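Everything on this sheet refers to the single structure shown next.
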Amino acid sequence: MKLGSEISAVITGGASGLGEAVARELAANGVRVCLFDLNTTRGSAIADELGGCFAEVDVSDVASVEAGFARARDAHGQERILVNCAGIGVAARTVDRDGAPHDPAFFERVIKINLIGSFHCASRAAAGMVASEPVTEDGERGVIISTASVAAFDGQIGQVAYSASKGGIVGMTLPMARDLAKSGVRVMAIAPGIFATPMLAGLPDEVQESLGAQVPFPSRLGRPSEYAAMARHIVENPMLNGEVIRLDGAIRMAPK
């Protein structure tokens, strides 16, 4: 798909980290962007800076998601690109040091935001794309990209909820791509390794440097701009479909 002002995009989690980087990359290439996030102050400021729009959206709530898409389409028309970056990740073991089982409410919250939230947005974007006219000679109508994680494959101690949520994204990528193939909607996922995002920003510098040193090459934390560059390439390369791309500098996570 060729980027430009005739194309619009929705980016969840667009007020920070990977989502913000994607929004900036797409907007720099003429795409009209709408950011979904719960951080209204920062989300609105970034959207204004990029000449886009903002919607306060809780991706785990269907009504909130539907209102967000209504806002985006009212501003920019049917989105042709969806990038799911909204997510949370807090560590908790299956059984903690005191012998207590994993908090079921916490597990459910991680699944609802990371996995079910991505599904809510993907399914609603897909419905709009399928009902629209193609935008390429191949008959392409849109591209959906979700954010998995290397934790889907190399989950560490304390990541049972997070890994399950990201493994679910991996698992739904191919069948969703197959569901939508006849309608010209591509579905992909990116599985980033250790990236310099707000999830890591609160850690001491020496801890961040130690994490980066675990990456074989380049031995540093990934940059959100590198994730954004991959998202852009996926949009522009029509043969990328139904796949999960590890973006991780060849790291394979140790148990802890």
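The values are calculated or read from the model by the stated rules, or taken from the named source; none is laboratory data. All figures in this text were calculated on a predicted structure; none of them were measured in a lab. Cβ placement follows ideal geometry from the backbone for every residue including glycine, while neighbour counts extend to all protein chains displayed.
Residue-by-condition table, conditions (1) in contact with a Cys (Cβ under 8 Å, 6 or more places away or on another chain); (2) closer than 23 Å to Ser123 by Cα:
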{"residue": "Leu18", "(1), (2)": "yes, yes"}
{"residue": "Val22", "(1), (2)": "yes, yes"}
{"residue": "Val31", "(1), (2)": "no, yes"}
{"residue": "Thr40", "(1), (2)": "no, no"}
{"residue": "Glu66", "(1), (2)": "no, yes"}
{"residue": "Asp74", "(1), (2)": "no, yes"}
- Note on the structure: Only one of (1) within 22 Å of Glu20 (Cβ to Cβ); (2) assigned to a loop (DSSP other than H, G, I, E, B) does not apply to Ala254, and that is (1)
- Task: Evaluate segment 12-30: report whether one residue or more is part of a strand (DSSP E or B) and either more than 19 Å from the chain's Cα centre (by Cα) or surrounded by 24 or more Cβ atoms within 10 Å (Cβ to Cβ) (or both).
- Result: yes
- Item | Answer from Ala67, Ala9 - the residue that is on the phi < 0 side of the Ramachandran plot and either more than 15 Å from the chain's Cα centre (by Cα) or among the aromatic types (Phe, Trp, Tyr) (or both) | Ala67
- Answer from Ala164, Ala148, Ala231, Ala201 - the residue that is surrounded by fewer than 17 Cβ atoms within 10 Å (Cβ to Cβ), under 20 Å from Cys85 (Cβ atoms) and in contact with a helix residue (DSSP H, G or I) (Cβ under 9 Å, 6 or more places away or on another chain): Ala201
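Here's the yes/no breakdown for (1) part of a helix (DSSP H, G or I); (2) touching a strand residue (DSSP E or B) at 6+ places or on another chain (Cβ under 7 Å); (3) at pLDDT below 95:
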position	(1), (2), (3)
Arg97	no, no, yes
Arg109	yes, no, no
Ile113	yes, no, no
Ala122	yes, yes, no
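Output yes when any residue across segment 179-195 is outside any strand (DSSP E or B), of a type outside the set (Phe, Trp, Tyr), in contact with a Gly (Cβ under 9 Å, 6 or more places away or on another chain) and more than 27 Å from Glu79 (Cα to Cα), and no when none is. Walk me through it before giving the result.
Start the filter on segment 179-195 by keeping residues that are outside any strand (DSSP E or B), which leaves 179-184, 193-194.
If we keep only those that are of a type outside the set (Phe, Trp, Tyr) as well, we get 179-184, 193-194.
Subset that is in contact with a Gly (Cβ under 9 Å, 6 or more places away or on another chain): 180-181, 183-184, 193-194.
Narrowing the set further to residues that are more than 27 Å from Glu79 (Cα to Cα) leaves 193-194.
Among the residues of segment 179-195, at least one is outside any strand (DSSP E or B), of a type outside the set (Phe, Trp, Tyr), in contact with a Gly (Cβ under 9 Å, 6 or more places away or on another chain) and more than 27 Å from Glu79 (Cα to Cα), which makes the answer yes.
Considering segment 57-89 alone, what residues qualify as being in a helix (DSSP H, G or I) and of a type in the set (D, E, K, R)? Spell out how you get there, then give the answer.
At the first step, the residues of segment 57-89 found to be in a helix (DSSP H, G or I) are 62-76.
Result: Glu66, Arg71, Arg73, Asp74.
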- Name the single residue, out of those in segment 37-96 being without any contact (Cβ under 8 Å) to a residue 12 or more places away in the chain and of a type in the set (S, T, N, Q), that is farthest from Val143 (Cα to Cα). Thr41
- List every residue pair whose Cβ atoms lie under 8 Å apart, where the two residues are 6 or more positions apart in sequence or sit on different chains, the first residue falls within segment 204-230 and is under 18 Å from Gly14 (Cβ atoms), and the second residue, located anywhere, is among the aliphatic types (A, V, I, L, M) and in a loop (DSSP other than H, G, I, E, B). Arg223/Ala196; Pro224/Ala196
